[in-house]
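I have placed the structure first, in the form of structure tokens, so that the comments after it can refer back to it.
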Amino acid sequence: MNKTRRKFLVDKYPAITATRPMSPALNTTVQAMLDTERIINGAHLTDDAALFDPIWSPDMWERANLAMVELRSGLADGTITIDSHDYDFNDVEAIEDYDLVVWRVGGPQAFVGHPNYATERATKRVDWFTGALQISQEVHDWYECRCQNPCDLRCNVRVAKGCEGPTRLLAVHRGKYALLFRCCVWCETEAATKAEDRFRTNLMAAQAALPPGAYIDPRSPVPPTP
């Protein structure tokens with residue numbers, strides 16, 4: 001943009017042109033959120049987003065909300081400590097805006113991923129946490145612990161009456177926070193059934209609201225929204 005054109009825009013639209021928006025690549029908070037999403041998408045074998053949709057699966061949505069309250073409260077009062085684990089050897093004293101946080105729901109520790117140093121590969125923390133979650137799935141998914149003591153592998157979703165049996169990892173992306181649940185077959189089945197029922201109900205309601213002769217195209221590349 002030449003200087004004359006820029007001066008004209010600044011004079012005519014000062015509120016718009018006074019400051020330029022920050023690039024997402026330079027916003028460390030945004031990068032923490034994007035990296036957390038990349039970790040979950042990269043580590044997951046299936047897409048569990050519908051199981052925690054606020055419209056289709058309100059029980060699971062509220063369960064995730066409760067977990068976020070528990071995490072924030074625990075970090076505030078010190079009942080949940082923070083650690084960098086094997087990702088980074090620096091001592092962790094506080095969670096900064098540029099950190100991402102991975103927490104096993106109900107666990108005593110939350111693990112923090114710092115931004116990468118300039119001399120490191122750009123995807124260091126994404127690669128490390130993605131690999132850790134993939135290994136956890138391979139080792140622990142569908143393993144039924146039969147010990148009598150409280151166990152990390154027991155279901156902590158607990159939305160079904162018959163909550164028991166082997167569990168698998170369910171991860172929820174909440175900004176820069178990754179919540180890791182263990183979910184049994186019964187809870188997942190109930191959540192999936194309710195989500196599908198509500199989706200079909202909303203789909204029929206949307207179809208009924210269309211003008212006569214119009215219909216929802218199932219081949220449309222645009223996915224339906226709640």
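The values are calculated or read from the model by the stated rules, or taken from the named source; none is laboratory data. Everything numeric here is computed off the predicted structure, so don't read it as measured data. Note: ideal-geometry Cβ built from the backbone for every residue, glycine included; neighbour counts use all protein chains shown.
Annotations for the structure displayed:
- Scanning the stretch 111-135 for residues that are within 15 Å of the chain's Cα centre (by Cα) and closer than 21 Å to Arg168 by Cβ yields a total of 4.
- Positions within the stretch 32-62 being aliphatic (A, V, I, L, M), surrounded by fewer than 16 Cβ atoms within 10 Å (Cβ to Cβ) and either touching a strand residue (DSSP E or B) at 6+ places or on another chain (Cβ under 7 Å) or not in a helix (DSSP H, G or I) (or both), in sequence order: Leu45, Ile55
- The set of residues from the stretch 119-131 being surrounded by 15 or more Cβ atoms within 10 Å (Cβ to Cβ) and within 16 Å of Glu37 (Cβ to Cβ) comprises Arg125, Val126, Asp127, Trp128, Phe129, Thr130.
- Residue in the stretch 151-199 that is nearest to Val101 (Cα to Cα), counting only those that are in a helix (DSSP H, G or I) and basic (Lys, Arg): Lys194
Residue-by-condition table, conditions (1) modelled with pLDDT under 90; (2) under 18 Å from Trp56 (Cβ atoms):
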{"residue": "Asn149", "(1), (2)": "yes, no"}
{"residue": "Leu153", "(1), (2)": "yes, no"}
{"residue": "Pro166", "(1), (2)": "yes, no"}
{"residue": "Leu180", "(1), (2)": "no, no"}
{"residue": "Ala205", "(1), (2)": "yes, yes"}
